[in-house]
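Before any comments, here is the structure.
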Amino acid sequence: MNTFSVGFRTLFFKEILRFWKVATQTIAAPVVSAMLYLLIFGHVLDGRVEMLDGVSYTSFLVPGLVMMSVLQNAFANSSSSLIQSKITGNLVFILLPPLSHVEILSAYVVASVVRGLAVGFGVFVITAWFAHLSFVAPLWIIVFALLGAGILGTLGVIAGIWAEKFDQLAAFQNFLITPATFLAGVFYSIKKLPPFWLAVSHFNPFFYMIDGFRYGFFGQSDVSPWTSLGIVAVFFVALAAIAINLLRRGYKLRH
C-alpha cells in the first residue's frame, strides 16, 4: 500500500508540474479559445434559435463549451506527456521503477482530470458572465465532468502509447477527438438534426458526456441522464481495460 501511494504520488506530481509550468499554454490559451467561440456563436445566434425550452442559446452554449474544454485538455495532457517521454527517451524512468500498470495509468489519468477540470473551471468563470445559468442537478455536473475527463485522459494514454511521433498523435486528435467532440452537441441539440445524423449521433460516446453534463444545469437533455451515465461508465471501463492491457504488454513502450 505504501509502495502504491509513493509511486502514484510521485508520478502524479510530476505530471501536474509538467503542465503547470506552461500554464499560459495549457490553461489560459484554451480558456481564450472557448471565449472566442462564445462571442462568435453567441452573438450570431442568440435570440435567433432555441435549443432547449426557455433557455437562451448563449446559456445553452456555455455548458457545451465547458465540457468540450474539459475533454480536449484532459486528452492533450496524457497523450502529449507520453509521446514526449517516448521521443526524448525518458520513458524508461517510468517503466523501470516498481510501479504497477494501474499506478501508471491512474497517475496519468488523475493528472489529466486535474488539468481538464482546471481549464473547464476557467472557461466557466469567464463565460458564465454572459449567460444566465441554473444548477438544477449539480451532482450530475460533477459526475459527468469527472467521468468525461477520466475517459479522455485514458484515451490520451492509449493514443500516447500507440503513436510513435507527433504527426501520428496529431492525426489521432484531428481525425478522432476533435470531430467527435464538435459533433457531440456542443453547439446544438441533436434533436434538431435530420434522422440519419440523429441516429449517427447516438453512436458517439462524447455526445452522452456533454448531454449529461448539460442536464445538470437545466434539467433538460436529449436523452435520459441515467442512459448517458450508463453508456459513459461502460465506455470508461472498456478504455481503462484496454490501456492497462497495453501497459502490461509494453506495446510500443519497450524496444
Relative exposure of Asp53, Asp211, judged by other C-beta atoms within 10 Å (fewest first): Asp53, Asp211
Relative contact order computed over region 94-199 (Cα-Cα under 8 Å; 6+ residues apart), in percent: 31 percent
0 to 90° range, to nearest 10: angle between helix 29-45 axis and the chain longest Cα axis: 20 degrees
Cβ-based charge dipole, region 2-249, positive-most Cα from Ala233, Thr24, Val62: Thr24
Relative contact order, percent, region 172-255 [alpha-carbon distance under 8 Å, six or more residues apart]: 22 percent
Positive-end residue of Val125, Gly219, Asn245, charge dipole of region 120-255 with Cβ unit charges: Asn245
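Can you sort Val110, Val66 by how many other beta carbons sit within 10 Å, fewest first?
Val110, Val66
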Footprinting exposure proxy for Glu103, Glu164 (fewest neighbouring C-beta atoms within 10 Å first): Glu164, Glu103
Estimated distance in nm for a label pair at Gln25 and Leu95, the labels positioned 7 Å out from Cα along Cα-to-Cβ: 2.5 nm
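May I ask for the Kirkwood hydrodynamic radius of the chain, worked out over all distinct Cα pairs and given in angstroms to one decimal?
Hydrodynamic radius (Kirkwood, Cα pairs) of the chain is 18.7 Å.
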Within the chain, helix-based [θ] at 222 nm, where runs of 4 or more DSSP H residues each add -39,500 (n - 2.57), nearest 500: -24000 deg cm²/dmol
Anisotropy class of region 78-188 from Cα gyration tensor, a/c 1.5 cut: prolate
Relative contact order [Cα under 8 Å, 6+ residues apart], the chain, whole percent: 26 percent
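FYI, it's all coordinate maths here, none of it is from the lab. Treat the numbers as computed from the prediction; the structure is a model and nothing was measured. Note that we place each Cβ from the backbone using ideal geometry, even for glycine, and neighbour counts take in every protein chain shown.
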